[in-house]
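Working notes for the structure below.
The values are calculated or read from the model by the stated rules, or taken from the named source; none is laboratory data. Owing to the predicted nature of the structure, the values given are computational and were not obtained by experimental measurement. For neighbour counting, all protein chains shown are included, and Cβ atoms are generated from backbone atoms with ideal geometry for every residue, glycine included.
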Amino acid sequence: MLLVSLPFKVLATLGGDANTPQADQRKMQATLRVSPGPRYAVHELTLATGTVVREYVSPQGQVFAVAWKGPFKPDLRQLMGDYFDRYVQATPVFRGGHSAARVALPGLVVHSTGRTRAFSGHAFVPQLLPAGVAESELR
Amino acid sequence: MMGTGAFCGLRSSAVAVLACLLAGCGGGGGGSSSSSTPPPVLGNVQAMVVDAGPSSNDANVGFISVTICTPGTSNCQTIDHIDVDTGSSGLRIISSALSPSLSLTQQNDASGRPIVECLPFADGYVWGPVKIADLSIAGEQAMSLPIQVIGDPSYPNVPGDCSSSGGPNEGTVAAFGANGIIGIGNLQADCGTYCAGQPVPGAYYVCPASGCINVAVANSLQVQNPVGLFSVDNNGVLIQMASLPANGAATASGSLIFGIGTQTNNALGNATILNVDPTYLTLTATIGGVTYPDSYLDSGSSALFLPQNFATACTSQEFSGYFCPPTTLNFSAIMQGANGTSAAAGFSVANAETLFNAEPSFTAFNNIGAINSDSTSIDLGMPFFYGRSVFTAIEGKQTPGGTGPFVAF
């Protein structure tokens, strides 16, 4: 019953477990492709708009990062789950313009860039990054 | 903080016209067809300035003033600090910057339901109704232009799939950093066929009293690139910004010139025409043998946004995301268009923290770089525009150099 009434809370993605990409797939009506790897698995969702979302899953089965790229921004509330509100309320870094924003909190980094028909970005929890994984890999 | 300029909505029409002329919103560029002598006054140049803006914290944001009028009347208002953005299409004004006596017509769908738009930017989103206005800039006019009014109190409830596009609601002048934005990019309709064919979550809605519904909206009803609706000089724009010293400047000035090859002041000259991808509006950049196929020019980007491996990132929290190389780096990119032509684009990336801290009041820099989260693109933002002439042609429009969409420099 709780699952039905509070799907977003229960199925939070960033920081959630490896089942959350499937939940995101259903919510966003996307196709899903899983690419296993030694350091992490990448669950890639292709949305109806053409935007591609990649969810990074650690060997322990935890989603430690999400990234997106495409003509429209995806549902970041769904992708970031409980982290979304902290992202929205944070003070971003860049001075001026609307083509980029970076939020760098102790427990959350969000980097979003782009313009009409070309958006991209990524969000990750530094404390959850597997050893040796760099931010530049998250794309 | 109040950034609105002269309000020229006077009841006496003769006085109103005079007031509007004084405010710079006067006669139509195409209204009077002048003979060969004397030379016509070119009404296609609008002064552009880079300064700190209404938020007092902007850097590398170019602004102009625009005059908007109640459709079909001389009830007009000139509004300053409108962000000049080749990365989007359409005029958007923050509701609080509009005079209450300016009455704009609501844009409705075929069923009479008001059309309201969500526009996600990379850093946040704006939400508000599509309204019809008459627009004057320099000597150009776009009559019955669909624009967006951002943060209109008549539509306070933002749909969930709009706010979930992320970032803050930028529905105030302080949050937006400008009184509005004028998108003069490659597209004529701001969302185009994407939104005409099917509802795109976080794009267009109709909002009858029962609530907002995500819908498809025909191209012609969408917010429009105003330049394409001018009667003349309507195939694109030329941005000419003054050069800057390497340590930046307090402000920068330049011109937004309407039309491409339509007047003596907007000839393509020896600029190279680079057709952009008609769907994604991109070019292919090549630097050091590596190609970046999703690249673009964008006056609305306040930095040169480059993949992370281009330079050392700043380490301080305050400048996180900017580049802080120990010495200035010089790059030369080959920008290639979809038509196969290419042009060299040189730019420099200096230490952003050093530059910003050296002169905290400076707002214009030609060498600020920052991380682009897209590893397959470079975004040549406003720093690239200083000291150059950069053309942006609208899709489907003819120019002496070919048909848009293209950029040229």
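On inspection, B:Thr376 qualifies as within 12 Å of chain A (Cβ to nearest Cβ) and either touching a His at 6+ places or on another chain (Cβ under 9 Å) or at negative phi (or both).
Across the range B:304-320, the qualifying residues are those that are closer than 20 Å to B:Ile287 by Cβ and small (Gly, Ala, Ser), and the one among them that is surrounded by the fewest Cβ atoms within 10 Å (Cβ to Cβ) is B:Ala313. Once the range B:81-100 is narrowed to residues that are polar (S, T, N, Q) and more than 14 Å from every other protein chain (Cβ to nearest Cβ), the residue that is surrounded by the most Cβ atoms within 10 Å (Cβ to Cβ) is B:Ser95.
Across the range A:21-54, what is the number of residues that are surrounded by 16 or more Cβ atoms within 10 Å (Cβ to Cβ), free of Cβ contacts under 8 Å to residues at least 40 places away in the same chain and among the polar types (S, T, N, Q)? Within the range A:21-54, residues that are surrounded by 16 or more Cβ atoms within 10 Å (Cβ to Cβ), free of Cβ contacts under 8 Å to residues at least 40 places away in the same chain and among the polar types (S, T, N, Q) number 3. Considering B:Ala370, B:Ala343, the condition of being assigned to a strand (DSSP E or B), among the aliphatic types (A, V, I, L, M) and farther than 30 Å from B:Pro226 by Cα is satisfied by B:Ala370 alone. Being under 25 Å from B:Asn234 (Cβ atoms), among the hydrophobic types (A, V, I, L, M, F, W, C) and at pLDDT below 50 is a condition met by no residue of the range B:60-75. If only residues of the range B:235-264 that are more than 23 Å from B:Phe347 (Cβ to Cβ) and of a type in the set (S, T, N, Q) are counted, the one that is nearest to the chain's Cα centre (by Cα) is B:Asn235. Here B:Ser103, B:Ser65 are screened, and the one residue that is small (Gly, Ala, Ser), surrounded by fewer than 24 Cβ atoms within 10 Å (Cβ to Cβ) and under 15 Å from the mean Cα position of the chain (by Cα) is B:Ser65. When the test is whether a residue is of a type in the set (Ser, Thr, Tyr) and out of contact with any strand residue (DSSP E or B) (no Cβ under 9 Å at 6 or more places or on another chain), B:Ser255 does not pass it.
So in the range B:70-80, with the set limited to residues that are surrounded by fewer than 24 Cβ atoms within 10 Å (Cβ to Cβ) and not β-branched (Val, Ile, Thr), which one is farthest from the other protein chains (Cβ to nearest Cβ)? Filtering first and then ranking leaves B:Ser74.
For the range A:1-41, a residue qualifies if it is modelled with pLDDT of 80 or more, within 13 Å of A:Val66 (Cβ to Cβ) and out of contact with any Phe, Trp or Tyr (no Cβ under 8 Å at 6 or more places or on another chain), and the qualifying residues are A:Thr13, A:Gly16. With the requirement that a residue be outside any strand (DSSP E or B), within 11 Å of chain B (Cβ to nearest Cβ) and β-branched (Val, Ile, Thr), what does the range A:97-139 give you? Within the range A:97-139, A:Thr116 is the sole residue that qualifies. Here B:Arg113 meets each of (1) charged (D, E, K, R); (2) away from chain A (no Cβ under 14 Å); (3) buried (at least 24 other Cβ atoms within 10 Å of the Cβ) with one exception, condition (3). With respect to A:Ala41, determine if the residue is at negative phi and within 12 Å of chain B (Cβ to nearest Cβ). Here the answer is no, as A:Ala41 does not meet what is asked.
When the range B:99-137 is filtered for residues that are in contact (Cβ under 8 Å) with a residue 60 or more places away in the chain and either of a type in the set (A, V, I, L, M, F, W, C) or in the same structural domain as B:Leu380 (by TED's automatic domain parsing) (or both), the ones remaining, listed by number, are B:Leu102, B:Ile115, B:Val116, B:Cys118, B:Leu119, B:Val130, B:Ile132, B:Ala133, B:Leu135, B:Ile137.
Take the conditions (1) away from chain A (no Cβ under 14 Å); (2) surrounded by 22 or more Cβ atoms within 10 Å (Cβ to Cβ); (3) among the polar types (S, T, N, Q); B:Thr341 misses just one of them, which is (2). Show the residue pairs meeting these rules: Cβ distance below 8 Å; 6+ apart or different chains; first residue within the range B:183-200 and more than 9 Å from every other protein chain (Cβ to nearest Cβ) and in a helix (DSSP H, G or I); second residue surrounded by 23 or more Cβ atoms within 10 Å (Cβ to Cβ) and among the polar types (S, T, N, Q). As it stands, the answer is B:Cys195/B:Gln222; B:Ala196/B:Gln222, since those pairs meet every condition given. In the set (1) buried (at least 21 other Cβ atoms within 10 Å of the Cβ); (2) within 30 Å of B:Ile82 (Cα to Cα); (3) modelled with pLDDT of 95 or more, the condition left unmet by A:Val88 is number (1). Scanning the range B:160-178 for residues that are away from chain A (no Cβ under 12 Å) and in a loop (DSSP other than H, G, I, E, B) returns B:Gly171, B:Thr172.
Does B:Asn270 qualify as being over 26 Å from B:Ala350 (Cβ atoms), free of Cβ contacts under 8 Å to residues at least 12 places away in the same chain and either within 18 Å of the chain's Cα centre (by Cα) or surrounded by fewer than 22 Cβ atoms within 10 Å (Cβ to Cβ) (or both)? So B:Asn270 passes the test.
Taking the range B:241-254, which residues are out of contact with any Leu (no Cβ under 8 Å at 6 or more places or on another chain) and either at pLDDT below 95 or surrounded by 18 or more Cβ atoms within 10 Å (Cβ to Cβ) (or both)? Of everything in the range B:241-254, those that are out of contact with any Leu (no Cβ under 8 Å at 6 or more places or on another chain) and either at pLDDT below 95 or surrounded by 18 or more Cβ atoms within 10 Å (Cβ to Cβ) (or both) turn out to be B:Met241, B:Leu244, B:Ala249, B:Gly254. The single condition among (1) in contact (Cβ under 8 Å) with a residue 24 or more places away in the chain; (2) facing chain B (nearest Cβ under 9 Å); (3) out of contact with any helix residue (DSSP H, G or I) (no Cβ under 6 Å at 6 or more places or on another chain) that A:Val57 does not meet is (2).
Which of the residues belonging to the range B:373-402 are under 22 Å from B:Asn265 (Cβ atoms), assigned to a strand (DSSP E or B) and not hydrophobic (A, V, I, L, M, F, W, C)? The answer is B:Tyr386, B:Ser389, B:Thr392, B:Gln398, B:Thr399, B:Gly402.
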